[in-house]
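Chemist: Would you mind keeping the following structure in view while I ask a few things?
No value in this document is a laboratory result; all are computed from the given coordinates. Since the model is a prediction, treat every value here as computed from it, not as a measurement. Every residue, glycine as well, gets a Cβ built from its backbone with ideal geometry; the counts of neighbours run over all protein chains shown.
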Amino acid sequence: MGDNLRGSLFMIAAMAGFAVEDMFLKAAARSLPTGEVLMLFGLGGLLAFVGLTRRNGQDIWSSAYLSRPILVRSGFEVTGRLFYTLAFVLTPLTFATAILQATPLVVVAGAALFLGERVGWRRWTAIGVGLAGVLLILRPGLAGFEPLSVLALLGMLGFAGRDLATRAAPPVLSNAQLGICGFSMLTLAGAILATVEGGLHLPDLPTAGLIAAATVFGVFAYNSLTIAMRTGEVGAVTPWRYTRLVFGIVLGATVFGERPDTLMIAGSVLVVGSGVFALVRTRKVG
């Protein structure tokens, strides 16, 4: 099997895993405060990545955690995870997933503005078209605008910032160690939100099972994503990130009875189409 094909299959598996993770967390938040769901999910992921780090013979603690890029990455990680989780809990899963698809476009723009990477007019045009698609999904100023939709936008910006900061992360940190850092911040954010919401509650067995399932799929998805990005060419593998939208739409419809309207579908097509074009142009330029 060619590296690009293998990497693409792992990327599709990762996106399916993330979509299923979101589904389980959204279901768990029906009977447990969102902050506690985040905290328990973060703890589960943290323990999993601690185990992976020890299995790989690596140190759990590293002074590199205190480096400026990692501290910046941690801040964006908290922002992305917190607001995106609130988005898919409080708004339709399909909607939050559609907004998230703009992340690669924002990463391309951020790389040009803050990291000095070269971006030509074609990719800037694609970024503009993709952001127009985001506006179609958000529909500000129209009757269908939902103020809570801003949560998905903030989550998307947080994830984009995290991805940009990851590029500057010290190479001495493994992906498992970055997982420890990320899930530690997620646990902290969940604990803070749980305090604001009024403290902790003992989850019943079905809810605990949902959170455990979300953790399993989340760790699986993270590892699959890591393998994908290390296997094939970035330009060939990364466009398959957009399959997450397909999985999100299917799960939203079958599990939660969601039905995307015409504006959401049109905006999603613009976001995905422009994102694939921008990534293809990145590959050609590279």
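Chemist: Take the alpha carbon gyration tensor of the range 4-53, find the square roots of its eigenvalues, order them as a ≥ b ≥ c, and report rounded if a/c is under 1.5; if not, report prolate when a/b exceeds b/c, else oblate. Present the calculation step by step, with values, prior to reporting the outcome.
Modeler: On the way: a/c = 5.10, a/b = 1.55, b/c = 3.29.
Note, shape of the range 4-53 comes out oblate.
Chemist: Please state the charge dipole magnitude for the chain, taken about the Cα centre, from unit charges on C-beta atoms (+1 on K and R, -1 on D and E), reported in debye and rounded to the nearest 20. Mind showing how you got there, number by number?
Modeler: Numbers: 21 positive and 14 negative charges, 183 e Å.
Magnitude of the dipole: close to 880 debye.
Chemist: Next up: For V196 and R122, what is the calculated FRET efficiency with R₀ set at 41 Å and r taken between the beta-carbons, to the nearest 0.05?
Modeler: Values: r = 45 Å, r/R0 = 1.09.
FRET efficiency, V196 to R122: 0.35.
Chemist: I've got another one for you. How much mean residue ellipticity at 222 nm does the chain get from its helices, if each DSSP H run of length 4 or more adds -39500 (n - 2.57) and you divide by all residues, to the nearest 500 deg cm²/dmol?
Modeler: On the way: 12 runs with 220 residues, N = 286.
About -26000 deg cm²/dmol.
Chemist: How big is the Rg/Rh ratio for the range 165-256, C-alpha atoms only, Rh by Kirkwood, two decimals?
Modeler: Using only Cα positions, Rg/Rh for the range 165-256 is 1.03.
Chemist: Report, as a whole number in µm² per second, the diffusion coefficient that Stokes-Einstein gives for the range 194-248 at 20 °C and 1.002 mPa s using the Kirkwood radius over alpha carbon pairs. All intermediate terms of the calculation are to be shown ahead of the outcome.
Modeler: Working: Rh = 14.1 Å.
The diffusion coefficient I find is 152 µm²/s.
Chemist: Right, another one. Of all alpha-carbon pairs in the range 67-203, indicate the percentage at a distance above 20 angstrom. Provide the component values of the computation, followed by the final result.
Modeler: Values: 4995 of 9316 pairs.
That fraction is 54 percent.
Chemist: Relative to the present Cα-Cα distance, how much length would full extension add between I265 and L135 at 0.36 nm per residue of separation?
Modeler: On the way: separation 130, 0.36 × 130 = 46.80 nm, distance 1.21 nm.
Difference between extended and current length: 45.6 nm.
Chemist: In addition: Give the residue list of trypsin sites (Lys or Arg not before Pro) in the range 1-108 that are DSSP loop and have at most 15 other beta-carbon atoms within 10 angstrom. Mind showing how you got there, number by number?
Modeler: Numbers: sites: R6, K26, R30, R54, R55, R73, R81; in loops: R30.
Hits after loop and neighbour filter: R30.
Chemist: Does the range 1-147 classify as rounded, prolate or oblate by the C-alpha gyration tensor (a ≥ b ≥ c root eigenvalues; a/c under 1.5 gives rounded; else a/b over b/c gives prolate, otherwise oblate)?
Modeler: It comes out oblate by the Cα gyration axes.
Chemist: Ok, one more. For a quick check of your reading of the filter: which trypsin sites (Lys or Arg not before Pro) in the range 91-200 sit in a DSSP loop and have no more than 12 other Cβ atoms within 10 Å? Don't jump to the answer; show the numbers that get you there.
Modeler: Numbers: sites: R118, R122, R123, R162, R167; in loops: R118.
Filter output for the range 91-200: R118.
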